1. Is at least one residue of the range A:24-33 within 7 Å of chain B (Cβ to nearest Cβ) and crowded, with 18+ Cβ neighbours inside 10 Å?
2. Any residue in the range A:53-75 that is more than 14 Å from chain B (Cβ to nearest Cβ), in a helix (DSSP H, G or I) and in contact with an Asp or Glu (Cβ under 8 Å, 6 or more places away or on another chain)?
3. With respect to residue A:36, is the statement that it is assigned to a strand (DSSP E or B) and within 10 Å of the chain's Cα centre (by Cα) true?
4. Where residues in the range B:132-151 are more than 13 Å from residue B:163 (Cβ to Cβ) and touching a strand residue (DSSP E or B) at 6+ places or on another chain (Cβ under 8 Å), which of them is surrounded by the fewest Cβ atoms within 10 Å (Cβ to Cβ)?
5. Taking the range B:252-280 as the region of interest, how many residues are more than 20 Å from the chain's Cα centre (by Cα) and closer than 22 Å to residue B:97 by Cα?
6. Among residues belonging to the range A:36-52 that are hydrophobic (A, V, I, L, M, F, W, C) and over 23 Å from residue B:32 (Cβ atoms), point out the one that is nearest to the other protein chains (Cβ to nearest Cβ).
7. Out of the residues in the range B:236-254 that are at pLDDT below 95 and charged (D, E, K, R), which is surrounded by the fewest Cβ atoms within 10 Å (Cβ to Cβ)?
8. Restricting the search to the range B:13-28, which residues are in contact with a strand residue (DSSP E or B) (Cβ under 7 Å, 6 or more places away or on another chain) and buried (at least 22 other Cβ atoms within 10 Å of the Cβ)?
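The values are calculated or read from the model by the stated rules, or taken from the named source; none is laboratory data. All of these numbers come straight from a predicted model, not from anything done at the bench. Glycine also receives a Cβ, built like all others from the backbone with ideal geometry; neighbour counts cover every protein chain displayed.
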Amino acid sequence: MSEHTLDARNLLCPLPVIRVQSKAQTLADGDTLKVICTDPGALSDIPAWCRINGHSVLDTQNIDKEVIITIKIAKDSA
Amino acid sequence: MNPPRKAVALISGGLDSMLAAQLILEQGVHVEGINFFTGFCVEGHTHAIRKHDGAKPKRNNALWVAEQLGIKLHIIDVVEEYKDVVLNPKHGYGAHLNPCLDCKGFMVGQARRWMEEHGFDFIITGEVLGQRPMSQRRDTFPVIARESGAGERLLRPLCAQLLPPTLPEREGWVDRERLLKFSGRSRKPQIALAEQFNISEYAQPAGGCCFLTDPNYTRKLQDLWQTGAGKHYELDDIMLLKVGRHLRPRPHFKLIIGREEGENNYLEGYRRQFTHLRPAEHNGSLALIDGHAGADDIHLAARLTARFSQGRDLASVRMSVTEKDGPAYDVDVTPFTSEEIPQEWYL
């Protein structure tokens with residue numbers, strides 16, 4: 001299990017989700033992915049994408065103008 | 001017992017594709033959704049940018065629909081491949097720059113490739129016969145099936161009973177009798193079906209998910225093609241057309257001026273790629289200069305941008321200018337009055 005970070009700043013919906021979707025394909029079961037976004041819509045979309053695909057949202061933070069979402073990858077469901 | 005057949009559903013985020021997918025789910029078919037990002041999607045972008053739209057849910061409706069249906073959704077970035085559809089539509093444009101028939105053929109074609117790569121059996125769409133003037137007609141449905149390569153594996157559950165039986169119907173993968181015969185532009189049958197399915201919340205009941213059908217947007221796109229290096233675009237070009245006021249005071253440059261905080265924040269992400277300016281001592285907008293601007297042009301741009309600041313009624317407003325890859329400095333300018341700005345400068 002390893003920790004990864006994805007910079008999705010200045011991308012608008014649905015590009016942050018597309019980037020997460022691509023990155024998740026390269027990760028292993030149990031890996032965590034911290035996604036940094038500036039699109040406030042990511043707070044809705046990335047958790048929705050995770051629910052659909054069986055991944056877990058471990059944490060969401062809204063700091064200044066950035067949204068940071070930490071995901072735990074469930075590879076069997078991806 | 002045979003495993004269930006598998007269908008890939010084109011999910012736009014609107015009601016029709018949601019209903020079509022639900023109809024097929026109810027027949028025991030395994031359904032997964034597919035959604036294409038072309039760069040022209042209305043979905044999400046403007047809501048995400050503009051702060052005044054804060055009351056609207058900031059969500060991707062295709063994802064939301066997929067979650068309501070309990071299906072997976074695959075969002076595919078087709079920005080590069082889609083350029084040829086927009087720039088060279090074989091079947092031409094609609095009322096604006098909307099290449100609807102080419103677009104539908106392209107998307108079904110992409111879904112067909114995905115279907116083949118992932119071992120799925122057929123494709124479903126939310127199309128309704130007679131609902132759209134270009135792409136949803138009895139004579140254009142076969143064009144989409146043929147040009148996409150989907151052929152008889154393309155099923156339109158909402159109007160299937162008005163069309164010849166497709167492979168999934170003939171093979172008994174789905175029961176044709178449980179498909180529908182919606183036609184025309186009325187939304188009443190869809191709304192009634194939504195009630196039957198206990199679907200009470202849905203977005204854009206009449207579709208309309210593409211900026212290429214928007215006259216204000218396509219005017220700016222035409223301007224980009226006519227004043228830039230010809231008929232082509234990059235993703236950043238078409239994204240910036242969605243944001244801010246666009247004014248072209250001279251043929252060789254235009255200004256993109258943020259209209260509110262959300263747009264200013266978005267434009268901040270692009271400022272290093274452009275000469276940009278903002279009021280030094282007043283609240284106001286960030287403006288990007290797109291094109292080649294000399295000293296006189298920058299002065300003109302500063303006067304225009306000052307017009308949209310809180311100093312608009314003053315005799316002099318100090319503007320901070322940062323040239324692309326160049327110096328940063330302040331200039332004092334007299335803001336334009338609204339009467340001094342020719343209407344034809346607004347794109």
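1. The initial filter retains those residues of the range A:24-33 that are within 7 Å of chain B (Cβ to nearest Cβ), namely none.
So far as the range A:24-33 goes, no, none of its residues is within 7 Å of chain B (Cβ to nearest Cβ) and crowded, with 18+ Cβ neighbours inside 10 Å.
2. Within the range A:53-75, one or more residues are more than 14 Å from chain B (Cβ to nearest Cβ), in a helix (DSSP H, G or I) and in contact with an Asp or Glu (Cβ under 8 Å, 6 or more places away or on another chain).
3. Numbers: assigned to a strand (DSSP E or B): yes; within 10 Å of the chain's Cα centre (by Cα): yes.
Yes.
4. Per the stated criteria, the residue is B:148.
5. Summing the residues that are more than 20 Å from the chain's Cα centre (by Cα) and closer than 22 Å to residue B:97 by Cα in the range B:252-280 gives 1.
6. Going through the qualifying residues, I end up with A:43.
7. Filtering the range B:236-254 for residues that are at pLDDT below 95 and charged (D, E, K, R), the one surrounded by the fewest Cβ atoms within 10 Å (Cβ to Cβ) comes out as B:236.
8. Within the range B:13-28, the subset in contact with a strand residue (DSSP E or B) (Cβ under 7 Å, 6 or more places away or on another chain) is B:13-14, B:17, B:20-21, B:24-25.
Result: B:13, B:14, B:17, B:20, B:21, B:24.
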